[in-house]
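Participant: Pasting in a structure now, in structure tokens, and then I'll have a few things to ask.
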Amino acid sequence: MMSSVFIAGTGRYLPSQVVTNKDLAKYVDTSDEWIVQRTGIHERRFSTGEPNWYMGVQAAKQAIENAGVAPEEIDIIISSCITPDYFYPTVACSIQDELGAVNAFCWNLGAACSGFVYALDVARGYLATGSAKTILIVCAENMSKSLDFDDRSTCVLFGDGAGAAVVKKGEGLYGSRMASDGKTGAALLAPALLGVNTPFAYDKDNPKYNKYAPTKGNYMTMDGRAVYRFTAHAIPNTVSGACERAGIAVDELDWLIPHQANLRIIEKASERMHFPMEKIYVNIDRFANTSCASVPICLSEMNDQGKLKRGMKIALAGFGGGLTSGAVVIEW
Ligand code: ACO
């Protein structure tokens with residue numbers, strides 16, 4: 001029997017502020033019709049000020065309660081976050097403090113929208129070796145803070161939220177397939193400390209250091225078409241690769257839970273994989289793209305709605321900045 005992961009509990013937090021496409025159109029030159037047609041998004045949640053750590057804590061509390069574990073039992077907290085309020089302490093350490101998870105060691109994983117899936121694969125390694133028994137994964141994103149509201153092609157796509165899962169060692173099937181393509185990294189870009197002044201950085205504007213074209217402020221930028229081309233293959237390739245490693249055919253999956261980036265990307269993947277939309281969970285219409293939080297938010301909703309039954313075979317798929325992609329196949 002393969003060493004797998006068992007998702008013992010799930011949780012989520014969505015800010016209460018609902019921003020519809022019509023609300024956005026008051027500030028941005030766009031329309032409900034354009035956004036719905038191109039993306040499937042009807043509305044999203046935007047934080048009214050709740051920082052990542054706060055959203056993460058709410059999702060984490062739900063997940064540990066759902067799993068029936070005490071904070072002291074958590075051995076590792078892995079956060080995934082590309083919109084942190086602080087580079088350090090990481091979101092994971094702030095969550096540890098708020099939960100009182102005093103026995104955990106905590107760190108942040110950087111794989112953009114693929115974060116949850118990458119974290120699950122890393123967690124499986126710790127669980128398989130026996131160096132951890134209970135791991136909390138928390139994905140929390142304040143995408144609204146990295147959006148340029150003058151750039152209508154990106155600011156309509158994203159939302160804020162957090163999702164969390166408690167994972168333990170499982171005995172069911174397991175397969176994972178991760179892939180990264182640094183060559184297309186410029187397609188999704190968010191600057192950090194590059195270009196910051198110090199008295200010694202007299203050569204900081206040297207063009208040879210410009211790995212990527214300069215961007216406006218600290219906002220994210222995206223080449224939508226390049227990302228679309230990448231993602232059209234990312235879901236089918238990683239999901240079929242993960243299924244192969246798990247020793248099952250794609251059509252044996254009970255559910256596919258993909259990163260919620262764009263309904264058209266999800267529909268394209270369904271078509272390419274000959275996998276029916278009825279078995280693909282979608283909530284992008286309500287929450288837009290919450291980066292790495294999207295997959296655990298889906299899991300938490302599905303869990304609460306009783307859509308996931310023990311023994312079901314599910315694939316979780318992520319893709320995003322890096323560019324990164326990945327899928328994990330587990331038994332629920
Ligand atoms: N409202 C109205 N018009 C718009 C908007 C908007 N919000 N945004 C762009 N347009 C206009 C453009 O200006 C352009 O007009 P023009 O023809 O007069 O120049 C026209 O619409 C077409 O623009 P395109 O960019 O070619 O539109 P496209 O059909 O490619 O759709 C989209 C854009 C939705 C971004 C698409 O490329 C896409 O889905 N890409 C993938 C993006 C994605 O999923 N990113 C996130 C994944 S990774 C992660 O999660 C971080």
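Participant: Given 0.36 nm per residue, what is the gain on full extension from residue 38 to residue 149 after removing their alpha carbon distance, in nm?
Facilitator: 38.1 nm
Participant: Bin by bin, in steps of 10 Å, what percent of the Cα pairs in the chain do you find, going until the bin that has the longest distance?
Facilitator: Per 10 Å bin, starting at zero, the Cα-Cα P(r) for the chain comes out as 6, 27, 35, 23, 8, 1, 0 percent.
Participant: Post the alpha-carbon centroid distance, region 49-113 to region 265-332, in whole angstrom.
Facilitator: Region 49-113 and region 265-332 have Cα centres separated by 22 Å.
Participant: Let me ask another. Using every pair of alpha-carbon atoms in region 219-332, split the distances into 10 Å bins beginning at 0 and state the percent of pairs per bin, rounded to integers.
Facilitator: Using 10 Å bins, I get a P(r) of 14, 50, 31, 5, 0 for region 219-332.
Participant: Further question on the same structure: Among 144, 153, which comes first, then next, by fewest other beta-carbon atoms within 10 Å?
Facilitator: Listing 144, 153 from fewest to most nearby Cβ atoms yields 153, 144.
Participant: Please state, to two decimals, what the Cα-based radius of gyration of region 3-172 comes to when divided by 2.2 N^0.38 Å (N = residues).
Facilitator: Dividing the Cα radius of gyration by 2.2 N^0.38 Å gives 1.12.
Participant: I want to check the label-to-label distance for residue 229 and residue 215. Put each point 7 Å from Cα in the C-beta direction and report it in nm to one decimal.
Facilitator: Going by the 7 Å Cα→Cβ label model, 2.0 nm.
Participant: Now a separate question. Mind listing the phi-derived Karplus ³J(HN,Hα) values for region 153-158, rounded to whole Hz, using 6.51, -1.76 and 1.60 with θ = phi - 60°, and x for any glycine or proline?
Facilitator: Couplings: 6, 10, 5, 7, 8, 10 Hz.
Participant: Also, I was wondering about something else. Using Cβ counts within 10 Å as a stand-in for footprinting exposure, how do 20, 238 rank, fewest first?
Facilitator: Least crowded to most crowded, the residues run 20, 238.
Participant: Structure shown: which of 22/279; 26/307; 61/309; 183/208; 168/309 lie over 26 Å apart, alpha-carbon to alpha-carbon?
Facilitator: 22/279; 26/307
Participant: Show me the trypsin sites (Lys or Arg not before Pro) within region 107-148 that DSSP assigns to loop and that have at most 15 other Cβ atoms within 10 Å of their Cβ.
Facilitator: In loop regions of region 107-148 (DSSP not H, G, I, E or B), the sparsely surrounded trypsin sites (Lys or Arg not before Pro) are 133.
Participant: Would you please state which residues of region 301-324 a label at residue 194 would reach in this model, taking the label point 7 Å out along Cα→Cβ and a backbone N cut-off of under 17 Å?
Facilitator: So the set is 321-324.
Participant: Also, I was wondering about something else. Restricting the count to DSSP beta bridges whose residues both fall in the chain, what percent are antiparallel, rounded to a multiple of 5?
Facilitator: If we restrict to bridges inside the chain, about 70 percent are antiparallel.
Participant: Here's a follow-up. Any idea how far apart residue 181 and residue 128 come out in nm if each label point goes 7 Å out from Cα toward Cβ?
Facilitator: 2.6
Participant: If the elastic network links every pair of Cα atoms under 10 Å, which of 167, 91, 18 fluctuates the most in the Gaussian network model of the chain?
Facilitator: 18
Participant: Shifting gears a bit: For residue 107 paired with residue 27, estimate the spin-label separation in nm (one decimal), with each label point 7 Å from Cα along the Cα-to-Cβ line.
Facilitator: For residue 107 paired with residue 27, the spin-label model returns 3.6 nm.
Participant: Pick out which of 164, 192, 92 has the largest mean-square fluctuation in a Gaussian network model of the chain, springs linking Cα atoms closer than 10 Å.
Facilitator: 192
Participant: What are the DSSP H helices in the chain that stretch 20 Å or more along their long axis, judged by alpha-carbon atoms, and whose average Kyte-Doolittle hydropathy comes to at least 0.5?
Facilitator: 115-129
No lab work stands behind these numbers, since they all come straight from the coordinates. Because the structure is a prediction, the values reported are computed rather than measured. With ideal geometry, Cβ positions are generated from the backbone for all residues, glycine too; neighbour counts draw on all protein chains shown.
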